[in-house]
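A short reminder: the numbers here are calculations on the coordinates, not readings from a lab. On a predicted model such as this, the values are computed, not experimentally measured, just so you know. Every residue, glycine as well, gets a Cβ built from its backbone with ideal geometry; the counts of neighbours run over all protein chains shown.
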Amino acid sequence: MTALDTVIRGITNGAAGEVCTPDLAKGPWEFDTMPGYGPGSSMLDVIPTGSPRQGALPAEYRDAPDAELHERIRAAKAALGDRLVILGHFYQRDEVVEHADFLGDSFQLANAALTKPDTEYIVFCGVHFMAETADILARDEQRVILPNLAAGCSMADMADIDSVEAAWEELTALYGSSPDADGRAPVIPVTYMNSSAALKAFCGRNGGIVCTSSNAAAVLEWAFERGQRVLFFPDQHLGRNTAKAMGVPVSRMPMWNPRKALGGSTAAELLDAQVILWHGFCSVHKRFTPQQIEAARASHPGVRVIVHPECPMEVVDAADEAGSTDHIRRAVAGATEPSVFAIGTEINMVNRLAAEHPQHTIFCLDPVICPCSTMYRIHPGYLAWVLEELVAGRIVNEIVVDASVQADARVALERMLAAKPRG
Ligand code: SF4
């Protein structure tokens, strides 16, 4: 069996399949000096200058066989005991998830860390913005570690603080800053959890709020009570799908392209806007199409199609339902009769669901195996390295959010926690 076969069978629980690139068989360290995100769905996205770069992984971790890495991880975990918690995101590869103390979405994991207040080290096997959120919510003494600094998020990187501040200036010049007769501000900034700490802090400073894919509707309601319109970043699809489901016409949701004057819209369009959508997207969820749903319905009559709201609007419209990773998990777990599910989200999560629920037929809508490029960057080699460094008393790859950024970001996160979910 070739290295690529091993990778494919690892991702697909034994089934062979077409992959988006043979580079998936290589160790992530092979891409640390290259300009892109590496193999997977974000290969064509551009990494912004200034994004964190990973230094060389020592050869003993690059060259070690998998069995040895797992043994070393287990030994380091045992040595650190209760001083350590390892968090694993739903989209993470199985050989990393098997060492996690908690598995969940980004916000569940940040909160899981809070349930272990005596823990000294939080090793976050997810991506950069998730580790930042954990650092914002953690106690000052807790240290948050991202095993590979190159594990960013191409969607989060599509909205940087300078571009958002420039957009805010243009919008303030257009709308002014005075509230209307009902006391509503001209515009409220809403950032998706999948964004940098700097953007969460921007929202905290400017009367805005954070949302997750689980509570986006409740958060938009909160924002509409306080503002005439919303600037939503970085994911246009979550913003559009959520607002559309709440009755906002698509024609009143212009896109903001940071490379164009007034975001590429006219002043009249922006004055009429209810939601201004940042020009960002998730390259994993952008791969799903209505044609894939048609094919799933043709090959599996009666199939239940569930997609993530980061998918394009046409895909959400064609699906039976759309919801967060947690919604998808609960929908599958709650099916009492053996059922067929076609899922539109990241392949590692879909295949884990299939393995956990053998009574159901569960498959990914996308027939091409193309995992999240940045989750792929976390590999047992990096996990073994950061843990053994901790055992030796050294902290590597620590994620530290500046104190002033933390304070403002916490304001926006606390507003989110206080915003009541829709019934
Ligand atoms: S799946 Fe998409 S949004 Fe999630 S970490 Fe990967 S690129 Fe970012």
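Some points to look at:
- The helix-only estimate of mean residue ellipticity at 222 nm for the chain, built from DSSP H runs of length n ≥ 4 each weighted as -39500 (n - 2.57), is -11500 deg cm²/dmol after division by the residue total.
- Computed E for residue 140/residue 25 - FRET, C-beta separation, R0 30 angstrom, nearest 0.05: 0.10
- Pairs of Cα atoms nearer than 8 Å and 6+ residues apart set the relative contact order; for the chain it is 23 percent.
- Against the chain, whose longest principal axis comes from its Cα atoms, helix 380-391 is set at around 80 degrees.
- Computed lengthening from residue 102 to residue 295, 0.36 nm per intervening residue step minus Cα-Cα distance: 66.0 nm
- Spatial separation of Cα centroids for the stretch 271-291 and the stretch 216-262, in angstrom: 10 Å
- Residues whose amide H falls under 5 Å from that of residue 84, counting only those 5 or more places apart or on a different chain, are 120, 121, with hydrogens built in the peptide plane.
- Whether the stretch 264-423 is rounded, prolate or oblate, judged on the alpha carbon gyration tensor where a/c under 1.5 counts as rounded: oblate
- In terms of surrounding Cβ atoms within a 10 Å radius of their Cβ, 161, 362 rank from fewest to most as 161, 362.
- Extending 7 Å from Cα along the Cβ direction at residue 83 and again at residue 404 yields two label points whose distance is 3.4 nm.
- Alpha carbon centroid spacing (whole Å) that separates the stretch 353-416 from the stretch 76-99: 10 Å
- Gain upon complete extension [residue 330, residue 168; 0.36 nm per residue less C-alpha separation]: 54.5 nm
- Between the Cα long axis of helix 347-356 and the first principal axis of the chain there is an angle of about 60°, rounded to the nearest 10.
- Set of the stretch 283-315 residues, backbone N closer than 16 Å to the point 7 Å along the Cα-Cβ line of residue 337: 301-305
- When the Gaussian network model of the chain links Cα atoms closer than 10 Å, the mean-square fluctuations of 194, 257, 348 top out at 257.
- Cα gyration tensor shape of the chain, rounded if a/c is under 1.5, else prolate or oblate by comparing a/b with b/c: oblate
- Three-way shape label, the stretch 344-423, alpha-carbon gyration tensor, a/c 1.5: oblate
- Top of 286, 200, 260 by mean-square fluctuation, Gaussian network on the chain, Cα under 10 Å: 260
- Dimensionless Rg over Rh [the stretch 285-364; C-alpha; Kirkwood]: 0.92
- Partnerless Cys - the chain, beta-carbon criterion under 4.7 Å: 125, 153, 203, 211, 282, 311, 364, 372
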